[in-house]
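The values are calculated or read from the model by the stated rules, or taken from the named source; none is laboratory data. Keep in mind the model is a prediction, meaning the values are calculated, not measured. Using ideal geometry, Cβ is built from the backbone for each residue, glycine included, and neighbour counts are taken over all protein chains shown. Note: accessible area is taken over every heavy atom of the protein model, side chains too, but ligands, DNA and RNA are not part of it. Shrake-Rupley method; radii C 1.70, N 1.55, O 1.52, S 1.80 Å.
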Amino acid sequence: MSTVHADRLSNLRARHTERRAQLITAYRKHLRPETLLAALRRLADQLLRELITLHPVPEAATLAAVGGYGRGELYPHSDVDILILLDHSPDAQARAQIEALVAAMWDVGLEPGHSVRTLAECRHEASSDITVETSLLEARHLAGNKVLFQALQETMREHLDLQAFFLAKRAEMQQRHARHQDTPYALEPNCKEAPGGLRDLQVILWLARAAGLGSNWHEIAQTDLLTTTEFRALRRADVAFKRLRIELHLLTGRREDRVLFDLQPRLAEIYGFTSQGNRLASELLMQRYYWAARVVCQLNRLLIQSLEETVFPLPDQVEQHIDSDFCVRRSRLELRREDGFERNPALLLRVFVVMQKHPELQGMSATVLRAIWHARKHIDKQFRDNPVNRHQFIQILSQPRGIVHALRDMTMLNILPRYLPAFRRIVGQMQHDLFHAYTVDQHILMVVRNLRRFTMPEHAQEYPLASQLIANLDRHWLLYIAALFHDIAKGRGGDHSKLGAQEARKFCVEHSLSEADTTLIEFLVREHLTMSRVAQKRDLSDPQVIHDFSRCVGSQRKLAALYLLTVADIRGTSPRVWNAWKGKLLENLYHLTHAALGGGRLDTRTILAQRKEAAAAEISLLGLRDESREAFWSELDVAYFLRHDASEIAWHTRHLYYRSTQLEPIVKTRVVGQNEALQILVYMPDRDDLFVTICSYFDMHRLSIQDARIHTTRQGWALDSFIVLLPDNDRDYRSHAAVVEHELQARLASPAIIPTSRSALWPSGSRRARAFPIPPSVTLQADENGTSWRLSLTTTDRPGLLHDLAQVFTSHGVDLKMAKIMTLGDRVEDIFILEGPILEHPRGQLQFERHILSTLDAPFTNQARAV
């Protein structure tokens, strides 16, 4: 390349960069996204036309804009998609010219997305690839052979099969939605590709254009496809999403369409949102996003169905009457009078009952969907106070089928938020607790879905206990009401469980539920977190824990209902939160409480005797002599027998009774339940660094401790038991058991070494945790007897956390007696039972707590400094 040529390219780049900066500066003043997109497109057009004077396209070829660029929109960091259309296959000279043009585009600052095709190749590829066909339908002439470009347009029109195009675009949209979990409510949504985003709007435009209804919203609005209200709603959403995508590109300096956690606070600042009360500015921004996405989803569904009825006209069929208000036409539910909802707003709820009672229907017609959307304004206080409507709403919840589908449609069409004002407040509300993967309203619907699955035979194998309990629970549909209200008071400040219980009672009274049913629902909402907390944070082998929980529950019906709601709730938070070990803890708590509710309270002596008797019976089956068993048990105190169940006591005794004089470490493992976890037993002479060494091994092998029981025998031997989970949802515990036994035994037999925590090797937590970290919280309290201390902590999870805490315990001479580890996504809530002389003095307690806090805070402090 000559110096003169290089200078010209450099000048073109400089002019383009300067002009582009001017356009963005102007945008910051007028904030009209379509003005910027069109200006950037014209700027790219101008640059390309100047560029081909230096690097012309091959003779008789056409340069065309395709894709979004062809549509006339160019985002700040989008590719410039071009088609070089040839009248024949390129020879060596043509290929060299094309390569030079593409290279020059990079040189002047354009990022090309280019394709080179002949007319025949365009026709062939469009017939087999819907993406190519769509892109070519939007082609726009830039330079070169206009006759060839016109031939391309004529070819695309001639070969367009409208019905095939519709089916392909709809299937493509459904596949795209599935990749985004079929929800517009993801916590980090893709504003272009996710349901309710820009692509859903573009699908409508593509199909309307193919059907000859217009190529933009203004043209489409002149047809019967759109009403004036729908046109305005679509235009507002279109402009809002275009601006958001522009802001994402400008904020990140790259082609970024995801509203990532770490971008949300800065976007909120750009949009002028400020925190209100206990709600972050970013939460308010995202709620506005979800409201707009919901409107797009509503109208996309309505218009796609309208287009389907246009593209696939069917001969008139016999109208089947359901009742005086509804009929069936084309296998879809139809209104007998178009103004049915306007004349009788009560039909806005009854339409969903009719759908539930007629599962043979393929859905509602586009006319009905449109009528519901436009009539939603009739749902006001008078509507909500009408006994007929209240009865209809209870009918929806108590139907034997179609409940989840009905509630989802009611939410999407804005019926449920209007009928339940408290629900409307949490539509699109984010949850920055680091374990919920959905907005509050979508989590609630997910919990209802999970409860429904418990009633379905096809899910009985996955939820055996839940399926059994719900089958025997009278009026199990009351659980759906509890699910609707369990998180409905989120974001208000205060205890959302208590506030939600008040809302639930008010609803039940208004809807004429009996006092017994009202009391049950109120209890479930108020206590919906209790069973999970007890199961995961308390010692279930402690009779007092079971006694206190059974008093809280009060009856076996409440116990069954609370178990069902708890399992559905945890499984509805995030795929990362539920695991088989949590399921086993909840089942254990259910069975222990069920037994306690069926009989009187047992004292400690009786429980101790029963555990020993049950363990002895299990041991006797192995042929172990009573003398050997009693000799080993004599080394153990009462606390040991109260902290372990009979099965664990028998397992320990089986492996340890004859090894009390052996000095080398003993490590044994077994799989818990049906591949739910791995239990590890360590028996060896106690030493100060033992717990931190064990934690170091677990940490380096990414074994997640769920439960730890630390005991020292009368002879000074450590008898420690751990429940651990494998990383990354690995469930092959049997193959890992022997490896852990061998490696951990070798590690403990080696001379003491200073272990390294993974916190020094891995980044601190997920992107979400870094954007919305949980301030560490530490509470240290003496137990009732004053002999041990309960350390409760809440913080953001990270690699090496437990190992680092173990080092703090060791450095202060504090002994761990028991640990209950509760991991909720990126959030941990752990309980430790501790003993140590330093904890007996206020000054020592303060030093210990400060050290714990500094350990929890250190990774985020270091991260902040690095930033």
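Values computed for the structure shown
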read-out: Cβ pairs under 6 Å, 6+ apart, first in the stretch 790-818 and closer than 20 Å to Q706 by Cβ and among the polar types (S, T, N, Q), second assigned to a loop (DSSP other than H, G, I, E, B) and open to solvent by 30 Å² or more (accessible area, probe 1.4 Å); value: T795/P776; T796/P773
read-out: Every residue from the stretch 110-142 that is over 22 Å from L152 (Cα atoms) and open to solvent by less than 40 Å² (accessible area, probe 1.4 Å); value: L110
read-out: Residues of the stretch 801-853 classified as over 30 Å from L586 (Cα atoms) and assigned to a helix (DSSP H, G or I), total; value: 19
read-out: Single match in A14, A21, A92 (criterion: open to solvent by 30 Å² or more (accessible area, probe 1.4 Å), among the small types (G, A, S) and under 21 Å from T252 (Cα atoms)); value: A21
read-out: Yes/no for V147 being open to solvent by 70 Å² or more (accessible area, probe 1.4 Å) and either modelled with pLDDT of 95 or more or in contact with a Cys (Cβ under 9 Å, 6 or more places away or on another chain) (or both); value: yes
read-out: Unique residue being at pLDDT 95 or above and not basic (K, R) when the list is L54, L36; value: L36
read-out: Tally, over the stretch 615-627, of residues that are aliphatic (A, V, I, L, M), exposed (fewer than 12 other Cβ atoms within 10 Å of the Cβ) and part of a helix (DSSP H, G or I); value: 1
read-out: Residue within the stretch 579-600 that is closer than 18 Å to F423 by Cβ, open to solvent by less than 60 Å² (accessible area, probe 1.4 Å) and of a type outside the set (A, V, I, L, M) present; value: no
read-out: Some residue of the stretch 558-572 being surrounded by fewer than 20 Cβ atoms within 10 Å (Cβ to Cβ) and in a helix (DSSP H, G or I); value: yes
read-out: Criterion violated by S721 - all others in (1) modelled with pLDDT under 85; (2) open to solvent by less than 60 Å² (accessible area, probe 1.4 Å); (3) out of contact with any Gly (no Cβ under 6 Å at 6 or more places or on another chain) satisfied; value: (1)
read-out: Top-ranked residue in the stretch 488-513 [being at pLDDT below 95 and of a type in the set (D, E, K, R); ranked as surrounded by the fewest Cβ atoms within 10 Å (Cβ to Cβ)]; value: D495
read-out: Candidates P755, P751, P727 - the one that is under 30 Å from D262 (Cα atoms) and either out of contact with any Cys (no Cβ under 7 Å at 6 or more places or on another chain) or at pLDDT below 85 (or both); value: P727
read-out: Helices (runs of 4 or more DSSP H) within the stretch 428-539 that include 2 or more residues among the aromatic types (F, W, Y); value: 478-486
read-out: Residues being modelled with pLDDT under 90 and either among the small types (G, A, S) or open to solvent by 70 Å² or more (accessible area, probe 1.4 Å) (or both) - total across the stretch 601-614; value: 7
read-out: Helices (runs of 4 or more DSSP H) contained in the stretch 296-404 and holding at least 3 residues open to solvent by less than 40 Å² (accessible area, probe 1.4 Å); value: 347-357, 366-375, 387-398
read-out: Residue within the stretch 155-166 that is free of Cβ contacts under 8 Å to residues at least 60 places away in the same chain, open to solvent by less than 20 Å² (accessible area, probe 1.4 Å) and among the basic types (K, R) present; value: no
read-out: Any chance A194 is assigned to a helix (DSSP H, G or I), open to solvent by less than 10 Å² (accessible area, probe 1.4 Å) and either touching a residue at least 40 places away in the same chain (Cβ under 8 Å) or among the aromatic types (F, W, Y) (or both); value: no
read-out: Those residues of the stretch 542-557 which are hydroxyl-bearing (S, T, Y) and either crowded, with 22+ Cβ neighbours inside 10 Å or within 16 Å of L473 (Cβ to Cβ) (or both), in sequence order; value: S555
read-out: Criterion: within 11 Å of A64 (Cβ to Cβ), out of contact with any Leu (no Cβ under 7 Å at 6 or more places or on another chain) and in a helix (DSSP H, G or I) - qualifying residue of Q97, Q93, Q153; value: Q153
read-out: Candidates E630, E618, E635 - the one that is closer than 20 Å to L719 by Cβ, among the charged types (D, E, K, R) and without any contact (Cβ under 8 Å) to a residue 12 or more places away in the chain; value: E630
read-out: Filter result for R475 (open to solvent by 10 Å² or more (accessible area, probe 1.4 Å), basic (K, R), at positive phi and in contact (Cβ under 8 Å) with a residue 40 or more places away in the chain); value: yes
read-out: Residue list for the stretch 405-460, filter: of a type in the set (D, E, K, R) and open to solvent by less than 10 Å² (accessible area, probe 1.4 Å); value: D441
read-out: Identity of the residue in the stretch 668-693, in contact with a helix residue (DSSP H, G or I) (Cβ under 7 Å, 6 or more places away or on another chain) and under 18 Å from G813 (Cβ atoms), that ends up surrounded by the fewest Cβ atoms within 10 Å (Cβ to Cβ); value: D688
read-out: Among the candidates P799, P842, residue that is modelled with pLDDT under 90 and under 33 Å from the mean Cα position of the chain (by Cα); value: P799
read-out: Subset of the stretch 27-63 that is part of a helix (DSSP H, G or I) and basic (K, R) - its residue that is least open to solvent (accessible area, probe 1.4 Å); value: R41
read-out: Helices (runs of 4 or more DSSP H) (entirely within the stretch 628-732) containing at least 2 residues that are under 36 Å from the mean Cα position of the chain (by Cα); value: 690-700
read-out: Counted residues, the stretch 514-541 - those being crowded, with 20+ Cβ neighbours inside 10 Å and free of Cβ contacts under 8 Å to residues at least 24 places away in the same chain; value: 2
read-out: Test for F231: is it at pLDDT below 95 and under 18 Å from E193 (Cα atoms); value: no
read-out: Condition met for I570 (modelled with pLDDT of 90 or more and more than 12 Å from A650 (Cα to Cα)); value: yes
